[in-house]
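Enquirer: Could you have a look at this structure, given as structure tokens, before my questions?
Values in this text are rule-based calculations from the coordinates and carry no lab data. Computed from a prediction, not measured in an experiment: that's the story for all the values here. Because the Cβ atoms are built from the backbone with ideal geometry, glycine has one as well, and the counts that use them run over all protein chains shown.
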Amino acid sequence: MRNFKVAIFGTAASYHDLAAQKFYGQEVDTVECFTFRQCCDMLKSNRTDYAVMAIENSIAGSILSNYNLIEEYKLRIIGEQYLKIELHLLALEGVKIEEVEYIHSHPMALAQCSEFLSKYPHIKIIEQGDTASCVKNIYDSNLKNTAAVANVLASQRYGVPVMQSNVENSKLNFTRFIILSKGDSKPENPNKASICFRLKHEVGSLIEVLKVISNNGITLSKIQSVPVIDKPNEYSFHIDVEWEKYIAYQKTIEMMQEKTMTLTVLGEYVKATITNLN
């Protein structure tokens, strides 16, 4: 039996790579992609079985563009994975912080380290691809004036030492990754769902939806408004809900459909636990 092929954003030793390994096992066959859109293209064209995509970070917030990609490609969320994020400043052997002119990393990683980076105003911060590829580029190009923000696995894999450890703003830093599929393959006993809806243009329409959720004993664990592309002042609402009784969730969906303009269940899955936060 072949291993699952999973599209990931970034290269080996990136956090997407680690999330795929944690969800599917270390023997998973990952396919490296340069953008989140490419991940979706690989999945939609059947070149991979699944895709792993970061959706939010506890410091930097949600990645709104990824919500739009899920809708655009009509993908299904079949699982989630949390990873504790520990970011370090990496540079070639012998390089000192005073010699660094540039720091490269993914925008989300840089946002998670804004307090540290603000201490070095003379260094130019450059947003690039994923964290691991920035480290690989430093090694491959022998960049002695450049550092990267990345994890320790990237340091070990590409031979670029850690210059300064744990440069993230908060030690309680984690990223939530979602597992995407073309089809609906929900588990036997799901206890969490991701839902997208648009509201009728009526006073109190959001409050009415939230009342439905609360009155049925359903937990609202996330709500995120996302601007609708090409429609100024219009928003989609993405929510995550959790339940103890599936029948209560089903009733909630039926009642929500009556109070929304459109509603799509993006996926039902098993809630992931957040561990190793100490």
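Enquirer: Return the long-range amide H neighbours of GLU56 (sequence gap of 5 or more, or a different chain), with a cut-off of under 5 Å between placed amide H atoms.
Expert: Residues meeting the criterion, in which the H sits 1.01 Å from N, are ILE63, ARG176.
Enquirer: How large is the charge dipole for the range 1-108, taken about the Cα centre, if only the Cβ atoms of Lys, Arg (+1) and Asp, Glu (-1) carry charge, to the nearest 20 debye?
Expert: Rounded to the nearest 20 debye, it is 540 debye.
Enquirer: If packing is taken as the average count of other Cβ atoms within 10 Å, what order do 269-275, 107-113 fall into, highest mean first?
Expert: The packing order, highest mean first, is 107-113, 269-275.
Enquirer: HN-Hα J couplings of the range 238-245 from phi, Karplus 6.51/-1.76/1.60, θ = phi - 60°, integer Hz, Gly and Pro as x?
Expert: Taking θ as phi minus 60°, the curve returns 10, 10, 10, 10, 10, 8, 9, 10 Hz for the range 238-245.
Enquirer: Please identify the trypsin sites (Lys or Arg not before Pro) of the range 1-102 that satisfy two criteria: DSSP loop assignment and at most 12 other Cβ atoms within 10 Å. Which are they?
Expert: Answer by residue number: ARG2, ARG47, LYS74, LYS96.
Enquirer: Would you mind putting 222-232, 138-148, 52-62 in packing order, based on average other-beta-carbon counts within 10 Å, highest first?
Expert: Per-residue Cβ counts within 10 Å, averaged per peptide and sorted highest first, yield 52-62, 138-148, 222-232.
Enquirer: Can I ask one more? Here are several values of Cα extents along the principal axes in Å: [x] 64, 49, 39; [y] 44, 42, 40; [z] 56, 41, 32. Which one was derived from the coordinates shown?
Expert: After the calculation, the listed value that fits is [x].
Enquirer: Whole-Hz Karplus ³J(HN,Hα) for the range 100-116, in order, using 6.51 cos²θ - 1.76 cosθ + 1.60 and θ = phi - 60°, x for Gly and Pro?
Expert: Coupling constants for the range 100-116: 7, 9, 9, 10, 10, 4, 5, x, 5, 5, 5, 5, 6, 10, 4, 5, 5 Hz.
Enquirer: Another question about this same structure. Amide H neighbours of LYS192 under 5 Å, at least 5 residues apart or on other chains, H built in the peptide plane: list them.
Expert: Result for LYS192 returns TYR269, LYS271.
Enquirer: Can you tell me, using C-alpha contacts under 8 Å and at least 6 residues apart, the relative contact order of the chain as a whole percent?
Expert: 23 percent
Enquirer: Just to confirm a number: summing +1 for Lys and Arg and -1 for Asp and Glu over residues other than SER14 whose beta-carbon lies under 11 angstrom from that of SER14, what do you get?
Expert: Result for the neighbourhood of SER14: -1.
Enquirer: When only Cα pairs under 8 Å and 6 or more residues apart are kept, what is the percent relative contact order across the range 88-164?
Expert: 50 percent
Enquirer: Just to confirm the number: angle between the C-alpha axis of helix 246-259 and the first principal axis of the chain, 0 to 90 degrees, nearest 10?
Expert: Taking the Cα atoms of the chain, the angle to 246-259 is about 80 degrees.
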